[in-house]
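Some notes on the structure that comes next.
The values are calculated or read from the model by the stated rules, or taken from the named source; none is laboratory data. The structure presented is a predicted model; accordingly, all values stated were derived computationally and were not measured. Because the Cβ atoms are built from the backbone with ideal geometry, glycine has one as well, and the counts that use them run over all protein chains shown. Note: areas computed on protein heavy atoms with side chains; ligands, DNA, RNA excluded. Shrake-Rupley method; radii C 1.70, N 1.55, O 1.52, S 1.80 Å.
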There are 2 protein chains.
Amino acid sequence: MTDPAAPAPRRRGRPPRSAGDDGPGARDRILAAARTEFSARGYDKASMRGIAKAAGVDAALVHHYFGTKEAVFAAAVEVDFSPALTVDAILGDSLDGVGERLARHFLAIWENPATRTPLIAVIRSALTHDAAAKVLRGVVLRRLLERVAAELAVPEPRFRAELAASHMVGVAIMRYVLEVEPLASAPPEHIVALVGPTLQRYLTEP
Amino acid sequence: MTDPAAPAPRRRGRPPRSAGDDGPGARDRILAAARTEFSARGYDKASMRGIAKAAGVDAALVHHYFGTKEAVFAAAVEVDFSPALTVDAILGDSLDGVGERLARHFLAIWENPATRTPLIAVIRSALTHDAAAKVLRGVVLRRLLERVAAELAVPEPRFRAELAASHMVGVAIMRYVLEVEPLASAPPEHIVALVGPTLQRYLTEP
């Protein structure tokens with residue numbers, strides 16, 4: 001997404017610009033409204049019409065920019081996961097200590113309610129709707145796991161990256177969604193101290 | 001559940017036996033119907049009336065045995081999780097190799113569609129409904145994590161048991177729900193070989 005304001009190709013000759021609401025930032029407004037709608041109502045109940053209404057634009061404009069609900073969801077997931085996807089800085093120049101850095105970065109995202117809430121909404125949608133699961137799988141694979149795997153010097157780097165990711169996903173679900181104690185109340189650094197070395201082994205040990 | 005046919009205490013003087021359908025096995029029939037309903041429709045859409053209809057009994061009888069939808073769900077979760085809860089044999093006499101045994105046992109449950117389907121349904125319900133999450137948390141804590149933790153000789157045994165459980169939960173979600181490749185297609189023993197030693201460390205290393 002080098003230019004987030006670039007419209008998608010037009011579809012089936014619809015006249016999306018007729019309402020005159022396609023000013024600068026309309027796409028961003030739609031996307032912000034979509035994230036709120038998906039978070040509040042879930043994938044199933046969110047609608048193109050509801051997203052358009054919340055964004056203050058005509059529904060045709062939402063179709064113009066995104067085409068389908070699945071595509072709006074994909075764009076929202078890209079935004080919601082962008083904090084989790086900034087892996088270049090974490091991978092850094094060396095894999096020394098990468099396990100701890102990843103665990104710390106991941107927990108920081110989940111500790112912040114502003115980034116946690118949409119992540120939980122995305123995961124809930126993905127676990128209950130195949131279309132949402134497909135989108136999440138695509139984004140996570142392409143933006144996160146492939147890039148991490150490319151830096152590794154272990155056998156089956158992608159498999160290793162997925163094992164590390166699976167551990168972090170499980171910690172997030174047990175700690176932030178199921179709220180199992182004492183994991184839910186443990187200080188983040190306490191979790192980093194134990195999980196970091198596990199991730200390190202998956203990502204670096206032959 | 002020493003006697004699964006034992007009725008719960010009667011509530012508010014309802015006449016649950018009037019329909020003459022309280023024969024032997026009625027409670028088991030209700031529970032089987034409830035598991036099907038929760039799997040097929042999810043926690044939200046499953047109803048006491050629908051469960052009664054599927055079991056071929058009067059709705060009053062479902063209320064008589066279980067009282068609330070949450071209680072029916074709890075009983076269904078106990079059944080669905082019973083394969084996962086048979087930890088005594090896995091813990092065995094010694095903690096040598098317990099990590100591998102746990103990983104292997106856990107994957108075997110998930111590899112079997114008959115046990116996987118209701119587990120996925122329970123986890124989906126728990127991730128989308130607080131009442132279901134509370135039930136799952138209670139069952140998993142009381143039946144699984146506390147019993148595993150009681151066998152451990154590490155600092156913070158419950159925390160360690162939860163870290164191990166979080167890894168397995170994450171593997172299940174990435175492999176069986178999101179179906180991320182290559183994890184989704186990896187032979188179970190290949191996963192056991194890498195995840196087993198991680199669980200072993202959490203459960204036994206000081």
| What relative contact order, as a whole-number percentage, does segment B:59-146 give when Cα pairs under 8 Å and 6 or more residues apart are counted? | 36 percent
| Taking the Cα atoms of segment B:77-160 alone, what are Rg (to one decimal) and Dmax (as a whole number) in Å? | 13.6, 39
| task | Any chance you could list the semi-axes, whole Å, largest first, of the equivalent ellipsoid that the Cα gyration tensor gives for segment B:20-83, using √(5λ)? | result | 17, 13, 10
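Can you pull the percent of Cα pairs in the protein assembly as shown with separation above 33 Å?
On the way: 34529 of 84666 pairs.
That tail contains 41 percent of the Cα-Cα pairs.
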| Which distances in nm, rounded to one decimal and ordered from shortest, link the label point of A:L95 to the equivalent label points in the other identical copies, with labels set 7 Å from Cα toward Cβ? | 2.9
| remark: If labels are modelled 7 Å from Cα along the Cβ direction, A:S185 lies from its partners in the other copies at nm distances, smallest first, of 4.6
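Relative contact order of chain B, please, whole-number percent, based on alpha carbon pairs below 8 angstrom and at least 6 residues apart.
Details: 220 pairs, mean separation 45.0, N = 206.
It rounds to 22 percent for chain B.
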| note | Counting only protein heavy atoms and leaving out ligands, DNA and RNA, the solvent-accessible surface of B:T204 at a 1.4 Å probe, in Å² to the nearest 10, equals 50 Å²
| said: From the helices alone, meaning DSSP H stretches of at least four residues, give me the mean residue ellipticity at 222 nm for chain B, per-run term -39500 (n - 2.57), in deg cm²/dmol to the nearest 500. | reply: -19500 deg cm²/dmol
| message | Treating the point 7 Å from Cα along Cα-beta-carbon as the label, what are the nm separations from A:D130 to the other copies, to one decimal? | response | 3.2
| task | Point me to the residue of chain B whose C-beta lies closest to the B-onto-A rotation axis, rounding the distance to whole angstrom. | result | B:G170, 1
| said: Below 15 Å, Cα to Cα, which aspartates and glutamates can B:K134 reach? Residues fewer than 8 away in the same chain don't count. | reply: A:E179, A:E181, B:D44, B:E70, B:E78
| message | Can you tell me which lysines have their Cα less than 25 Å from the Cα of B:K53? Leave out same-chain residues fewer than eight positions away. | response | B:K45, B:K69
| task | Please average, across the residues of B:179-186, the number of beta carbons from any other chain that are within 10 Å of each residue's own beta carbon, and give a whole number. | result | 5
| note | Expected unfolding gain across B:D44-B:S185 under the 0.36 nm per residue rule, minus the alpha-carbon gap, is 47.6 nm
| message | What does the structure give for B:153-166 when I average, per residue, the other chain Cβ atoms found within 10 Å of the residue Cβ? | response | 4
| said: Treating only the Cβ of Lys, Arg, Asp and Glu as charged (+1, +1, -1, -1), what charge dipole size does the protein assembly as shown show about its Cα centre? Round to the nearest 20 debye. | reply: 1900 debye
| For the protein assembly as shown, with +1 on Lys and Arg beta carbons and -1 on Asp and Glu, the positive-most of B:T115, A:G42, B:V195 along the dipole | A:G42
| request: Give the Rg (one decimal place) followed by the Dmax (whole number) of segment A:113-206, computed from C-alpha coordinates and expressed in Å. | output: 14.5, 38
| field | For segment B:42-200, diffusion coefficient by Stokes-Einstein and Kirkwood Rh (Cα), 25 °C, 0.890 mPa s, µm²/s | value | 145 µm²/s
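I'd like the mean, over residues of A:102-113, of how many other protein chain beta carbons sit within 10 Å of each residue's own Cβ. Walk me through the numbers before you get to the answer.
Working: counts 0, 0, 0, 0, 0, 0, 0, 0, 0, 0, 0, 0.
That works out to 0 on average.
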